[in-house]
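The values are calculated or read from the model by the stated rules, or taken from the named source; none is laboratory data. The model shown is predicted, which means the values in this text are computed figures rather than measured ones. Ideal geometry is used to build each Cβ from the backbone, glycine not excepted, and the neighbour counts take in all protein chains shown.
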Amino acid sequence: MSPKRRSNIAARPRPRSPVFAALGDETRLALVTKLSSGQPRSISQLTNSQLNKGSRLTRQAITKHLRVLERAGIVHSVRVGRESRFEFDPQPIAGIQEYLDFVSEQWDHALSRLKSFVED
Amino acid sequence: MDDRIEKRIELKAPVPRVWRALTDYREFGEWFRVKLDGPFVPGQISRGHITYPGYEHLKWEAVVQKMEPERLFSFTWHPYAVDPRADYSKETPTLVEFRLEKTASGTLLVLTESGFDKIPSNRRLEAFRRNEGGWAEQMKNIEKHVAQAS
């Protein structure tokens with residue numbers, strides 16, 4: 001039961017998915033918001049839609065942001081005819097929230113024990 | 001999305017008392033439920049093991065960062081690294097900070113934990129899913145026990 005055995009099974013380590021880092025950007029948050037309605041959209045559609053008031057991003061910039069989101073597993077590209085469309089996957093974000101709730105709850109318990117400890 | 005946890009708690013105890021509970025390794029172990037091998041020293045690794053019944057096989061490890069008397073105590077660790085088979089050592093740890101402030105009735109303790117964006121989500125989910133049930137249940141039991149005892 002050593003960590004080695006596990007890494008042998010995964011011959012090539014899965015790419016890490018820094019979901020938070022991917023979301024720490026206004027444009028990407030806007031893209032996620034746009035896609036979270038559930039409807040897959042093409043790069044052109046996303047480029048033409050007003051993501052940020054005032055700033056107009058190039059197709060190239062949007063593509064770059066979509067790739068970051070894709071690497072984090074937040075969006076997937078699906079092929080529709082000759083076109084790539086991007087689709088929202090709620091799983092990674094839901095997972096993070098669960099994890100943070102979990103750690104947060106552990107702190108609540110620990111701090112309430114601390115409270116009893118110092119107030120007694 | 002927020003990538004940090006912040007907790008504020010009012011303690012009816014003077015700042016020096018709370019400081020001791022946080023930074024004396026035996027006292028810390030009492031309420032945190034961990035048996036530590038030795039005192040906290042900034043820049044050094046603190047090792048020990050969890051003392052929950054049934055979880056004694058789990059190691060506790062943190063690197064003490066700052067100890068500014070009666071003001072700030074911080075360490076980095078792998079939060080609730082509860083999977084004994086996993087190797088957490090290559091992952092970027094999170095930073096835990098305890099800040100103390102004197103209040104009229106005692107001490108305000110502000111706890112923050114930050115740096116969750118650096119933890120790979122696959123590990124996060126694995127560790128969480130495998131252990132969530134038992135661990136959370138255990139915590140509830142302890143809280144009940146403490147509530148009855150006090």
Subset of segment B:42-60 that is polar (S, T, N, Q) and closer than 22 Å to B:E97 by Cα - its residue that is farthest from the chain's Cα centre (by Cα): B:Q44
Determine if segment A:67-87 includes at least one residue that is modelled with pLDDT under 90, polar (S, T, N, Q) and under 14 Å from A:L29 (Cβ atoms). no
For the subset of segment A:19-33 comprising residues that are of a type outside the set (S, T, Y) and more than 10 Å from every other protein chain (Cβ to nearest Cβ), which member is surrounded by the fewest Cβ atoms within 10 Å (Cβ to Cβ)? A:E26
Within segment A:88-104, track down each residue that is more than 7 Å from chain B (Cβ to nearest Cβ) and either surrounded by 14 or more Cβ atoms within 10 Å (Cβ to Cβ) or in contact with a Ser or Thr (Cβ under 8 Å, 6 or more places away or on another chain) (or both). A:F88, A:D89, A:P90, A:I93
Any residue at all in segment A:110-120 that is surrounded by fewer than 13 Cβ atoms within 10 Å (Cβ to Cβ), at the interface with chain B (Cβ under 7 Å from one of its Cβ atoms) and not hydroxyl-bearing (S, T, Y)? yes
Quickly run through segment A:6-35 and pick out the residues that are among the polar types (S, T, N, Q), modelled with pLDDT of 75 or more and out of contact with any helix residue (DSSP H, G or I) (no Cβ under 9 Å at 6 or more places or on another chain). A:T33
Scan of segment B:54-71 for residues that are more than 23 Å from B:E91 (Cβ to Cβ) and touching a residue at least 12 places away in the same chain (Cβ under 8 Å), ordered by number: B:G54, B:M67, B:P69, B:E70, B:R71
Just need a number here: residues in segment B:24-50 that are away from chain A (no Cβ under 12 Å) and either in contact (Cβ under 8 Å) with a residue 60 or more places away in the chain or polar (S, T, N, Q) (or both). 2
Is there a residue in segment A:50-57 that is within 12 Å of chain B (Cβ to nearest Cβ), at pLDDT below 75 and out of contact with any strand residue (DSSP E or B) (no Cβ under 7 Å at 6 or more places or on another chain)? no
Is it the case that some residue within segment B:32-50 is in contact with a helix residue (DSSP H, G or I) (Cβ under 9 Å, 6 or more places away or on another chain) and assigned to a helix (DSSP H, G or I)? yes
Could you list all residues from segment B:10-23 that are under 15 Å from the mean Cα position of the chain (by Cα), facing chain A (nearest Cβ under 7 Å) and surrounded by fewer than 19 Cβ atoms within 10 Å (Cβ to Cβ)? none
